[in-house]
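Beneath this line is the structure, given in C-alpha cells, with notes to follow.
The values are calculated or read from the model by the stated rules, or taken from the named source; none is laboratory data. Small disclaimer: the values here were computed from a predicted structure and weren't measured. When we count neighbours, we look across all protein chains shown, and the Cβ atoms used for this are built from the backbone with ideal geometry, even at glycine. Heads up: the accessible areas ignore ligands, DNA and RNA and are worked out on the full protein's heavy atoms, side chains in. Shrake-Rupley method; radii C 1.70, N 1.55, O 1.52, S 1.80 Å.
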Amino acid sequence: MVKKSDFVLAPYMTSNDWRATYQLLNTVVPYILLWILAARAASMAWWLLPPIMVLITLFSVRCFSLMHDCGHYSLFRSKRVNRVVGFFLGVINAIPQYPWSRGHAYHHKTNGDWQQYRGPSAILSTEEFANLSPSGQQRYETLRHPMMLFPGGFFYLALKPRLALILGAYGFVVHLVTCLRQRPGMGLGKMIRSYQSKTWYTTAEFWDLLLNNICVVGSWIALSYLLGAGFFLSVYSITLTCAAAIFICVFFVQHNFDTSYAHTTEGWDYLSGAIEGSSYLMLPTILKWFSADIGYHNIHHLSSRIPNYHLEACHQANAHLLKQVKRLRMADMPDCFKFILWDAPSNRLVSIAEFRQMEQRAADAAVPADSLPYASTHH
C-alpha cells in the first residue's frame, strides 16, 4: 500500500521568486504586446488577426495557470505577493482570483469524494439522473456536451462575476430593508455583519469581487475607447471564450475519465483521490508551457504547494510510485466527455449510454420468467 510519506515532495515545495518573476514577465509582457500587435494588424489587414488571436488565447490560458498557482500560494514565497499578483492575473481573465481560489481549495480538499464535490460541471448521480423527466435528461445531456464549453466558458468568465456582484448587492439591499422594517433599532453595523450573501462567503471575498469588477469593467470601457469598441469587444470576447473553454476542458478531463476514483464520503481516501482521481495529461511541449505544466495533475493534487516549475521534476522523481495514474493523450480527451454521471453504488463514473444499459439489465432481471414472450407453456 503506497503512503503519502513514500513520495519525495518536500524538496519541490520551495518557491523561487526569480523563476516566478521570470514566468510572470514572459507571460504578461507578450500578452500586452500581442494586443498592441492585434490593433496594428486590424488597421492593416484583417487576415493577420486570427494567428494573433490564437496566441492571445494561449497566453490567456497561461495567465490563468499562473493565477491558479498564486491561489495555492506556491508561485512566489510571499503570501502577500501571491495575492497581489493573483489579483491582477485574475483581472486579465476577468475572474476574481480570491473567491475562485477558495472554491478551488475545496476541490482539492475533497478530490475523489464525489458525494461532496461533483466537478465544475456539477454532474448528477445516476439516481438523480433517473429521477429526471425525459426532457430533463435530454437537457442535462445537451448542457454537458463539449460544444457547451464555449458559451459556458464565456458565461463563467465574462458574466458570472458581474452577476455575482449584482445579485449580492441586491440581496444586501433587500436585507437592509427587511432589517429596517422588522428591527428598526438595529444598528447599521450589525445589519451589515448579519448579512449572509449567497455569492460571497467572507468580507475578503466581497472586496476582491468588488475590486475585480471595478478593474475589469473599467478596463473594458478604457480599451473600447482606445482601440474601438467593435474591435476590442469582438477580439476580447472570442479570445476570452476560447481560453475559458480550454482550461475548463483541461480541468474536466483531469478528473472525469474511465476508472477515475469516484468514491462516496464513507471510505474516501485523500491519497487515492490524488493518484487515481487525477490524470496525467501528456501534452506536447509547447502546450505544457502554455498550461504551466498543469498536466502533471496527480502531482499537483499530492501537494498543491509545489509550484508549476517543479511539477515535472517531482513527477519524474516519483514515477515508480505513479503506476496507477491514468495517462491521457490529447487523442483521449474527447472520450472523457461521456463520463457525466456518477454511479454511487459502484463508486465510478459512467456514461449515459452505459447507465441506460444498466437500467435495461435491471429491468430485464426484474421481469418474471413466465411472463416473457418466449416462455413455454409446456413442461
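For the range 308-323, the criterion of being touching a Ser or Thr at 6+ places or on another chain (Cβ under 7 Å), modelled with pLDDT of 95 or more and either open to solvent by 80 Å² or more (accessible area, probe 1.4 Å) or among the hydrophobic types (A, V, I, L, M, F, W, C) (or both) is satisfied by no residue at all.
Of all residues in the range 157-203, how many are under 17 Å from S237 (Cβ atoms) and touching a Pro at 6+ places or on another chain (Cβ under 8 Å)? Of the residues in that region, 1 qualify. Here the condition is being buried (at least 19 other Cβ atoms within 10 Å of the Cβ) and farther than 22 Å from G86 by Cβ; of L49, L55, L37, it holds for L49 alone. Do you know which residues across the range 184-203 are open to solvent by less than 40 Å² (accessible area, probe 1.4 Å) and modelled with pLDDT of 85 or more? Result: S197, W200. Picking from V250, V217, which residue would you name as being more than 18 Å from F337 (Cα to Cα), free of Cβ contacts under 8 Å to residues at least 60 places away in the same chain and of a type in the set (V, I, T)? Only one candidate passes the filter, namely V217.
Can you confirm whether the range 134-153 contains a residue that is open to solvent by 30 Å² or more (accessible area, probe 1.4 Å), out of contact with any strand residue (DSSP E or B) (no Cβ under 9 Å at 6 or more places or on another chain), among the basic types (K, R) and at pLDDT below 95? Looking for residues that are open to solvent by 30 Å² or more (accessible area, probe 1.4 Å), out of contact with any strand residue (DSSP E or B) (no Cβ under 9 Å at 6 or more places or on another chain), among the basic types (K, R) and at pLDDT below 95, one finds at least one in the range 134-153, hence yes. Does the range 245-262 include one or more residues that are within 30 Å of L163 (Cβ to Cβ) and of a type in the set (S, T, N, Q)? Yes, the range 245-262 contains a residue that is within 30 Å of L163 (Cβ to Cβ) and of a type in the set (S, T, N, Q).
Matching residues to (1) over 25 Å from the mean Cα position of the chain (by Cα); (2) closer than 23 Å to I95 by Cβ:
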residue: K190; (1), (2): yes, no
residue: S194; (1), (2): yes, no
residue: E205; (1), (2): no, yes
residue: D208; (1), (2): no, yes
residue: S219; (1), (2): no, yes
residue: L223; (1), (2): yes, yes
residue: L227; (1), (2): yes, yes
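Taken together, the criteria place K338 among residues that are crowded, with 16+ Cβ neighbours inside 10 Å, free of Cβ contacts under 8 Å to residues at least 40 places away in the same chain and in contact with a helix residue (DSSP H, G or I) (Cβ under 9 Å, 6 or more places away or on another chain).
Yes/no per residue for (1) closer than 26 Å to S351 by Cβ; (2) touching a residue at least 24 places away in the same chain (Cβ under 8 Å):
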residue	(1), (2)
A94	no, yes
Y98	no, yes
H107	yes, no
D113	yes, yes
E127	yes, yes
N131	yes, no
G153	yes, yes
L159	no, no
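Identify the residue in the range 74-133 that is in a helix (DSSP H, G or I), under 27 Å from H310 (Cβ atoms) and charged (D, E, K, R) and, among all such residues, is most open to solvent (accessible area, probe 1.4 Å).
Residue satisfying both the conditions and the ranking: R80.
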